[in-house]
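Each value in this text was obtained by applying a stated rule to the coordinates, not by laboratory testing. The model shown is predicted, which means the values in this text are computed figures rather than measured ones. Quick reminder, even Gly has a Cβ in these numbers, built from the backbone with ideal geometry, and neighbours come from all protein chains shown.
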Amino acid sequence: MFKGSITALVSPFNNGNLDIGAFEKHIEFQINAGSNGIVPCGTTGESPTLSHDEHQQLIEKSVKVSNGRVPVIAGTGSNSTEEAVSLTKHAEKSKVDAVLVVTPYYNKPTQEGLYQHYKKINDNCGIPIIIYNIPGRSVVDMNVDTMARCFELKNIIGVKDATGDLDRVTKQKSKMGDEFLMLSGNDENTYEFNKRGGSGCISVSANVVPDMCSEFHSLCNGKNFEKAKLLFDKLLPLHDVLFIESNPVPTKYSLNLLGRMKEDVRLPLVVANSKSKEKIKNVLKQLSLL
């Protein structure tokens, strides 16, 4: 159910407010272009700057607009365990298909603290939970042994792995087996990630080229890695340029160029500088998007 190209949705803003119309159109664009799922309220959705009301509104809209056509995996993580439980309960009530829960950032919990965090969330909900391991933002890295402990909990089904460590994919597969879901959190390593046993990606680039990302992961899941590599090489400049500044700044500028939404982001993020914008434009032109 959770495989292929799953889009980490941006949260469109207009003069500081959520642009719900643009958000709904963006979901339709994703589904019509072949995306295999959507993730509202994650890193790419600027979740740290969303109020609880906005967070809940985006999740509810995602469920309503998608209407069962693709899975909705709601971002419900927090560095407060109680807040993560609360957000997860709301998402479950909203009928999402799963939740994505980031490792607690800033507090720097131990491995035991990480386990207890996920256990508390697990014990208070009844929907699938995907661990989001992103040490570059959270400052903590859940090791394979802790992840294996979490996988024994009834609702933990897998990981969005943004460690950038491809050997981790092999180790996790060896430790937890084929039933453990592994989704990449880095578009730029998805080819090798999938070859080593991954099932897809929670993708930033899919915001811009959902059709190409979906095709790439379909080829990988069909074990057609030779053809997948050709498409991956074509997409790699986009994967790279979308991180030329803090995510989702370049993605929102790209979508603005394509006429899909404003490039607005919320402080402390700021819009891309002119040099970055020129590089982004050039890559979009290379892909014949402009």
Kirkwood Rh and Cα Rg combined as Rg/Rh, the chain
0.94
Just want to confirm a number: the relative contact order over segment 4-224, from Cα pairs under 8 angstrom separated by 6+ residues, in percent.
21 percent
Quick calc, segment 177-282, dipole around Cα centre from Cβ unit charges on Lys, Arg (+) and Asp, Glu (-), nearest 20 debye, gives 340 debye
Nonlocal amide H pairs with GLY200, under 5 Å, H built at 1.01 Å:
GLY4, SER184
Segment GLU226-LYS195, extension gain: residue separation times 0.36 nm, minus the distance between their alpha carbons:
10.1 nm
In nm, to one decimal, how far is the ARG137 label point from the LEU236 one, both placed 7 Å along Cα→Cβ?
2.5 nm
Quick one: which residues, 5+ away or cross-chain, put their amide H under 5 Å from the amide H of GLY37? H built at 1.01 Å from N.
THR7
From the Cα gyration tensor of segment 1-85, with a ≥ b ≥ c the square roots of its eigenvalues, which class applies: rounded if a/c is under 1.5, or else prolate if a/b is larger than b/c, or else oblate?
oblate
Cut-off under 5 Å, modelled amide H: who pairs with TYR132 long-range:
VAL101, VAL102, THR103, LYS160
The chain: DSSP helices with Cα axial extent of at least 15 Å and average Kyte-Doolittle hydropathy no lower than -0.5
20-32, 210-221, 225-241
In the structure shown, of LYS160/LYS229; LYS160/LYS277; LYS89/LYS120; LYS3/LYS234; LYS171/LYS229; LYS61/LYS281, the pairs separated by more than 20 angstrom at the C-alpha atoms are LYS160/LYS229; LYS160/LYS277; LYS3/LYS234; LYS171/LYS229; LYS61/LYS281
Please give the length that would be gained between SER94 and SER80 if that part of the chain were fully extended, namely 0.36 nm times their separation in residues minus their C-alpha to C-alpha distance (nm, one decimal).
2.9 nm
What's the exposure ranking of TYR115, TYR132, going from fewest to most Cβ atoms within 10 Å?
TYR115, TYR132
For THR43, THR49, THR76, THR163, ascending order of other Cβ atoms within 10 Å (fewest first) is THR49, THR163, THR43, THR76
Proxy exposure order for ASP187, ASP145, ASP178 (fewest C-beta within 10 Å first) is ASP178, ASP145, ASP187
For the chain, calculated [θ]222 nm from helices alone, where every DSSP H run of n ≥ 4 adds -39500 (n - 2.57)
-14000 deg cm²/dmol
Once each part is reduced to its C-alpha centroid, what is the distance from segment 14-75 to segment 98-163 in angstrom?
22 Å
Treat segment 1-41 as a sphere of radius equal to its Kirkwood radius over Cα pairs and apply Stokes-Einstein at 10 °C in a medium of 1.306 mPa s; give the translational diffusion coefficient in µm²/s, rounded to a whole number.
147 µm²/s
